[in-house]
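A.B. asks: Questions regarding the structure given below will be posed in turn.
The values are calculated or read from the model by the stated rules, or taken from the named source; none is laboratory data. No experiment lies behind these values; they were computed from the predicted model shown. Backbone-built Cβ (ideal geometry, glycine too); neighbour counts: all protein chains shown.
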Amino acid sequence: MAWTRKDLLTMRELDPGEIQLLVETAASLEEIATRDIKKVPALRGKTVVNLFYEASTRTRTSFEIAGKWLSADVINFSASGSSAGKGESFLDTAKTIGAMSPDVVVVRHSSAGAAALLARELTCSIVNAGDGAHEHPTQALLDLLTIREKKGHFDGLSVAIVGDVAHSRVARSNIHAMKKLGMTVTVAGPPTLIPPNVQELGVKVSYRLDDAIRDVDVIMMLRLQHERMAGGLIPSLREYSRYWGLTLDKLSAQARPDVLIMHPGPVNRGVELSPEVADGPYSVILDQVTKGVAVRMGVLFLLAGSRGGSPA
Amino acid sequence: MNRPAQHFREKAQVLDEAALDRALTRIAHEILERNAGASDLAFVGIRTRGVTIAQRLTAKIAAIDGTTLPVGALDITLYRDDLDMRGAPVVRGTDIPFSIKDKTVVLVDDVLFTGRTIRAALDALIDLGRPKMIQLASFIDRGHRELPIRPDYVGKNLPTSRRESVAVRLREHDGEDRVVIEEPEDV
């Protein structure tokens with residue numbers, strides 16, 4: 001199995017072998033984090049530009065660390081304090097950066113399809129670091145790497161994805177990837193936050209937290225964006241938390257003793273996750289962050305490690 | 001590691017199972033002799049077959065000397081100077097679960113050819129710590145060096161032409177123990 005794509009845009013377009021290659025490459029790079037000297041020369045002389053039009057801590061930082069550990073030069077661009085603030089269009093800014101010959105552009109944007117647009121317009125490799133409510137493939141990959149380490153395999157595992165599925169690119173990328181790897185996925189949340197016809201993606205739907213988390217191997221809690229309340233999709237944070245917040249009581253009543261609790265971050269403590277669960281023994285939230293660096297190293301290496309992703 | 005993606009057919013057998021085992025035994029004795037015993041020795045094999053040969057050598061040393069020596073696995077993909085020429089690379093991970101600081105590290109590979117793999121392996125090793133000394137065991141030395149690199153221990157010197165390939169076939173990977181010279185099938 002060899003990587004042949006120029007870009008990483010979605011999990012939807014990948015085949016199971018490509019997903020496995022990404023996960024395995026990331027797994028083999030994990031040991032770099034444990035070294036005294038956290039640097040290997042694999043991407044020496046390559047340039048990675050982080051083009052972020054939305055706020056981000058862990059994704060941008062982990063792409064930056066990943067690039068630096070592989071010896072690439074990493075440049076961070078954020079929309080505030082740049083020409084984008086002067087009204088330059090997204091595409092003009094991207095083409096300007098493209099004209100400086102980067103090898104990889106990592107892009108986050110609030111519009112679905114932003115990364116795909118750049119992939120068409122720029123000759124360098126594009127990594128989608130989140131495009132609107134569409135996809136966030138590296139998040140799905142780091143979730144998979146975490147699950148693989150804890151469970152040892154993917155096939156036959158059951159996962160509940162709980163919360164604001166409708167607006168979640170994390171949920172979408174994970175659903176596509178998990179289905180391809182033979183996992184069973186249930187999405188759960190209040191009806192206003194579950195997309196209509198989501199069953200077409202091959203998932204089950206539940207409108208009760210207790211039912212969704214019973215006997216699954218993995219519970220993935222999603223972040224509730226505060227603006228959802230302003231949009232009238234939930235009556236109040238308190239009510240949401242009461243029905244959909246994961247607490248120790250609900251967990252011990254319904255969940256398996258070896259369940260994994262995941263969350264893409266940042267956590268709204270006391271809303272979707274009680275602090276005892278977020279910091280508890282089932283939680284792998286910080287493992288996910290650690291795996292995030294390995295996954296982004298793997299992605300950058302596969303895209304830029306061999307002639308900018310188009311192997312001879 | 002040196003084989004391009006084309007089909008090869010066997011041209012000649014160089015070592016059979018018994019000869020391969022004798023060469024390993026001799027190298028094990030040479031390592032003990034050169035280092036006046038096994039203290040402070042550590043083995044690092046270059047993936048994939050270098051690791052297997054390193055494990056065989058440490059088993060021999062354990063039988064001779066009673067010492068159990070650590071064996072690590074080194075993946076040099078991230079250190080290659082020819083990534084651009086090789087198409088999509090596969091990283092298989094470095095696993096060296098011991099400190100190499102102040103150790104005499106015996107670096108083990110199956111076939112020594114241009115020396116570029118060893119150059120990359122030396123860089124990779126030194127990034128992991130500062131060994132007291134690094135020695136090189138190459139099971140087959142087939143010549144054609146492009147860098148000033150010379151092995152300390154050799155199983156067999158095997159003059160070859162550049163278009164040929166040398167395959168060290170090992171039970172653990174290939175179901176048999178022998179060394180063969182191969183040539184491209186299109187000739």
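Quick grid of which residues meet (1) within 23 Å of A:Ser173 (Cα to Cα); (2) free of Cβ contacts under 8 Å to residues at least 60 places away in the same chain; (3) surrounded by 13 or more Cβ atoms within 10 Å (Cβ to Cβ); (4) not charged (D, E, K, R):
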site	(1), (2), (3), (4)
A:Asn197	yes, yes, no, yes
A:Ala230	no, yes, no, yes
A:Ala253	no, yes, no, yes
A:Val289	yes, no, yes, yes
A:Val295	yes, no, yes, yes
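A.B. asks: Another one. Give the number of residues within the stretch A:69-79 that are more than 14 Å from every other protein chain (Cβ to nearest Cβ) and either hydrophobic (A, V, I, L, M, F, W, C) or buried (at least 17 other Cβ atoms within 10 Å of the Cβ) (or both).
C.D. replies: Applying the first criterion (more than 14 Å from every other protein chain (Cβ to nearest Cβ)) to the stretch A:69-79 yields A:73-79.
Cutting the leftovers down to either hydrophobic (A, V, I, L, M, F, W, C) or buried (at least 17 other Cβ atoms within 10 Å of the Cβ) (or both) gives us A:74-75, A:77-79.
Total satisfying the criteria: 5.
A.B. asks: Which of the residues belonging to the stretch A:1-27 are within 14 Å of chain B (Cβ to nearest Cβ) and of a type in the set (Lys, Arg)? Quick ask: steps written out before the conclusion?
C.D. replies: Step one: filter the stretch A:1-27 for residues within 14 Å of chain B (Cβ to nearest Cβ), giving A:1-6, A:8, A:17-18, A:20-27.
Of everything in the stretch A:1-27, those that are within 14 Å of chain B (Cβ to nearest Cβ) and of a type in the set (Lys, Arg) turn out to be A:Arg5, A:Lys6.
A.B. asks: For the stretch A:67-90, which positions are under 20 Å from A:His136 (Cα atoms) and out of contact with any Gly (no Cβ under 8 Å at 6 or more places or on another chain)?
C.D. replies: Across the stretch A:67-90, the qualifying residues are A:Gly67, A:Asn76, A:Phe77, A:Ser78, A:Phe90.
A.B. asks: From A:Ala112, A:Ala140, A:Ala84, which residue is part of a helix (DSSP H, G or I) and at pLDDT 95 or above? Spell out the reasoning first.
C.D. replies: Numbers: A:Ala112 fails: part of a helix (DSSP H, G or I); A:Ala84 fails: at pLDDT 95 or above.
Within the list A:Ala112, A:Ala140, A:Ala84, the selection yields A:Ala140.
A.B. asks: Of all residues in the stretch B:123-134 being out of contact with any helix residue (DSSP H, G or I) (no Cβ under 9 Å at 6 or more places or on another chain) and surrounded by 18 or more Cβ atoms within 10 Å (Cβ to Cβ), which is modelled with the lowest pLDDT?
C.D. replies: Filtering the stretch B:123-134 for residues out of contact with any helix residue (DSSP H, G or I) (no Cβ under 9 Å at 6 or more places or on another chain) gives B:125-126, B:128-130, B:132-133.
Keeping just the survivors that are surrounded by 18 or more Cβ atoms within 10 Å (Cβ to Cβ) gives B:125, B:128.
Values: B:Leu125: 95, B:Leu128: 91.
Per the stated criteria, the residue is B:Leu128.
A.B. asks: Quick check on my filter: what residues within the stretch A:254-288 are part of a helix (DSSP H, G or I) and closer than 20 Å to A:Tyr243 by Cα?
C.D. replies: Here is the first cut: in the stretch A:254-288, the residues part of a helix (DSSP H, G or I) are A:254, A:275-278, A:285-288.
Hits for the stretch A:254-288 are A:Gln254, A:Pro275, A:Glu276, A:Val277, A:Ala278.
A.B. asks: Let me ask something else. Determine whether the stretch B:98-121 contains at least one residue that is free of Cβ contacts under 8 Å to residues at least 24 places away in the same chain and surrounded by fewer than 24 Cβ atoms within 10 Å (Cβ to Cβ).
C.D. replies: no
A.B. asks: Same structure again: Which residues, counting only those in the stretch A:89-111, are over 17 Å from A:Ala55 (Cβ atoms) and surrounded by 15 or more Cβ atoms within 10 Å (Cβ to Cβ)? Spell out the reasoning first.
C.D. replies: So the first thing to find is which residues in the stretch A:89-111 are over 17 Å from A:Ala55 (Cβ atoms), and the list is A:89, A:91-105.
Once the filter is applied, which keeps residues that are over 17 Å from A:Ala55 (Cβ atoms) and surrounded by 15 or more Cβ atoms within 10 Å (Cβ to Cβ), the stretch A:89-111 yields A:Thr93, A:Ala94, A:Ile97, A:Gly98, A:Pro102, A:Asp103, A:Val104, A:Val105.
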